[in-house]
1. Of all residues in segment 160-199, count the ones that are more than 16 Å from H226 (Cβ to Cβ), hydrophobic (A, V, I, L, M, F, W, C) and in a helix (DSSP H, G or I).
2. Determine the pairs where a residue that is farther than 15 Å from Y120 by Cβ and without any contact (Cβ under 8 Å) to a residue 24 or more places away in the chain, located within segment 64-92, has a partner that is part of a strand (DSSP E or B) and acidic (D, E) with Cβ atoms under 7 Å apart, the partner being 6 or more residues away or on another chain.
3. Among the residues of segment 101-123, which ones are surrounded by fewer than 21 Cβ atoms within 10 Å (Cβ to Cβ) and closer than 17 Å to G16 by Cα?
4. With L98, L110 as the choices, which residue is closer than 21 Å to E175 by Cα, modelled with pLDDT of 90 or more and not aromatic (F, W, Y)?
5. Out of the residues in segment 125-148 that are at pLDDT below 85 and not β-branched (V, I, T), state the one that is nearest to G16 (Cα to Cα).
6. Kindly list the number of the only condition in (1) outside any helix (DSSP H, G or I); (2) under 11 Å from L177 (Cα atoms); (3) free of Cβ contacts under 8 Å to residues at least 24 places away in the same chain that fails for A208.
Amino acid sequence: MPHVLLVDDHELVRRGLQLVLAEGLPGATFAVAASGREALDALADGGGRDVGRVASGSPDAAVRAPFDLVVLDINLPGMSGIEVLDALRRRLPKLPVLIVSAYPEEEFALRCLRLGAVGYLSKDTAADELVIAARKALAGGKYVSAAIAERLAGALAGEQIGGSPHESLSNRELEVLRLVATGKSQRAIAEALHLSEKTIATYRARLAEKLGASTNVELTRYALHHGLVD
């Protein structure tokens, strides 16, 4: 029976995901994490420790990893889902990770797929589509929408996909942009990402160059316009 780790900072969302997947994946067991750090801790060294007591069919049974699937949000406290995904690709490259996020598919799906996610779904997705995606992931496949499949086909054909300036940003540059857009100071961003203020200033300069936005107000406006922050 599959073991599934649900990573989202909202309890109601975690419960909703579990209810949908429990119905669509009979016998599945679940564990939860409310942050990226909790998720990585749960999966450390193959995840060989008890990480939750929300097993389907037996509320007192602890779930033990290794997990068969991770369902991951992008907007997490401290460490973003993109950073978690990047870390998982390096630590556990064969573990399927399915992204379920409120952020627009056209802005984040390709980036997450390039990082190794097996699928990307919006939180507006119908419940049956989530189950289909989870089943495909557990079977070793990938789930992409028709729109993303078309963009991927274009990439394979040598066509240039995307076009928005932020698609050229590195994962770290994107994270700095999102933090700037939430109103955090340079010092606060440095602390959140465990980097020096000088390094953040360098990233900030790269953002200005790549996006043509020289002030924090302009960067914030850009991020909001493209749905990169709530």
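The values are calculated or read from the model by the stated rules, or taken from the named source; none is laboratory data. Everything numeric here is computed off the predicted structure, so don't read it as measured data. Here Cβ is always computed from backbone atoms with ideal geometry, including for glycine, and neighbour counts include all displayed protein chains.
1. 5
2. Pairs found: none.
3. If the condition is that a residue be surrounded by fewer than 21 Cβ atoms within 10 Å (Cβ to Cβ) and closer than 17 Å to G16 by Cα, then A102, S122, K123 are the ones that fit.
4. Sole residue among the options that is closer than 21 Å to E175 by Cα, modelled with pLDDT of 90 or more and not aromatic (F, W, Y): L98.
5. If we take residues in segment 125-148 being at pLDDT below 85 and not β-branched (V, I, T), then S145 is nearest to G16 (Cα to Cα).
6. With (1) outside any helix (DSSP H, G or I); (2) under 11 Å from L177 (Cα atoms); (3) free of Cβ contacts under 8 Å to residues at least 24 places away in the same chain applied to A208, the lone miss is (1).
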